[in-house]
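Each remark here refers to the structure printed beneath this line.
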Amino acid sequence: MGKGDTTRQAILEHATTLATTVGLDGLSIGQLATDLGLSKSGLFAHFQSKEGLQLAVVETASDRFTDLVVRPGLKAPRGEPRVRALMERWVAWVAATGTPGGCFFVAASTELDDRPGPLRDAVVQRQRDWIDLLANSVRAAIAEGHFREDTDPEQLAFELWGFALGFHHHARLLGAPNAASRAHAAIDRLLVSARRVA
């Protein structure tokens, strides 16, 4: 990796962490330059615009999520074990990201939910990809005979996503020490209710 690529990566890592507390709109090229000991013009040259920086931050956060949640989750056996692994990794993601504001995508979703444009579109697409992955994993669990044939994959993915969001707010906003155990219990109850009866 060349010096330019290394500098760009350092900018994006710092900006992605910072965005969890100040929001994507709160990212400042001037502040990032100061934080990283770079010139404003040098930092600007990597992205060409604030929106270019913001879109690159969304991509960096997505790569983090893939590395920490998706790839490890997909290593679990197909079916219910994979659905469980993906959800367990999602719950762990909030603590594992090391970001002061928690899940980047929860923060970005709240910030951008009523602001149309390329940035919102980028966040929406990543959220849809994640929900689709959950639904497809449920379909595989049905095909494997782990879940009942009448299980609605989209509904189950919706409910799992809702539990994950509830966990994030319980842990981050309310500071509840039992948030993870409650999330695991809720997810377990939901998946058990979907199981095929032998």
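Any chance the range 128-143 includes a residue that's outside any helix (DSSP H, G or I) and over 27 Å from residue 59 (Cβ atoms)?
Narrowing the range 128-143 to residues outside any helix (DSSP H, G or I): none.
Checked against the condition, which is being outside any helix (DSSP H, G or I) and over 27 Å from residue 59 (Cβ atoms), the range 128-143 yields no hits at all.
Would it be correct to say that residue 161 is crowded, with 20+ Cβ neighbours inside 10 Å, part of a helix (DSSP H, G or I) and in contact with a helix residue (DSSP H, G or I) (Cβ under 8 Å, 6 or more places away or on another chain)?
Working: crowded, with 20+ Cβ neighbours inside 10 Å: no; part of a helix (DSSP H, G or I): yes; in contact with a helix residue (DSSP H, G or I) (Cβ under 8 Å, 6 or more places away or on another chain): yes.
Criteria not met by residue 161.
Consider the range 47-66. How many of its residues are surrounded by fewer than 18 Cβ atoms within 10 Å (Cβ to Cβ) and over 21 Å from residue 111 (Cα atoms)?
Number of matching residues: 2.
Return yes when residue 143 is closer than 25 Å to residue 64 by Cβ and either touching a Lys or Arg at 6+ places or on another chain (Cβ under 8 Å) or surrounded by 12 or more Cβ atoms within 10 Å (Cβ to Cβ) (or both) and no when it is not. Quick ask: steps written out before the conclusion?
Values: closer than 25 Å to residue 64 by Cβ: no; either touching a Lys or Arg at 6+ places or on another chain (Cβ under 8 Å) or surrounded by 12 or more Cβ atoms within 10 Å (Cβ to Cβ) (or both): yes.
No; evaluated as a whole, the condition is false for this residue.
When only residues in the range 96-116 that are of a type in the set (Gly, Ala, Ser) and free of Cβ contacts under 8 Å to residues at least 60 places away in the same chain count, which is farthest from residue 14 (Cα to Cα)?
In the first step, residues of the range 96-116 are kept if they are of a type in the set (Gly, Ala, Ser); the result is 96, 98, 101-102, 107-109.
Now restrict to residues that are free of Cβ contacts under 8 Å to residues at least 60 places away in the same chain: 96, 109.
On the way: 96: 16, 109: 20 Å.
Only one residue tops the list, namely 109.
Among what's in the range 13-57 and is under 24 Å from the mean Cα position of the chain (by Cα), outside any helix (DSSP H, G or I) and free of Cβ contacts under 8 Å to residues at least 24 places away in the same chain, pick the residue that is nearest to residue 124 (Cα to Cα).
The qualifying residue nearest to residue 124 (Cα to Cα) is 26.
Since every read-out is calculated from the coordinates, none of them should be taken as a lab result. Keep in mind it's a predicted model, so treat the numbers as computed, not measured. Reconstructed Cβ throughout: ideal geometry from the backbone, glycine too, with neighbour counts over all protein chains shown.
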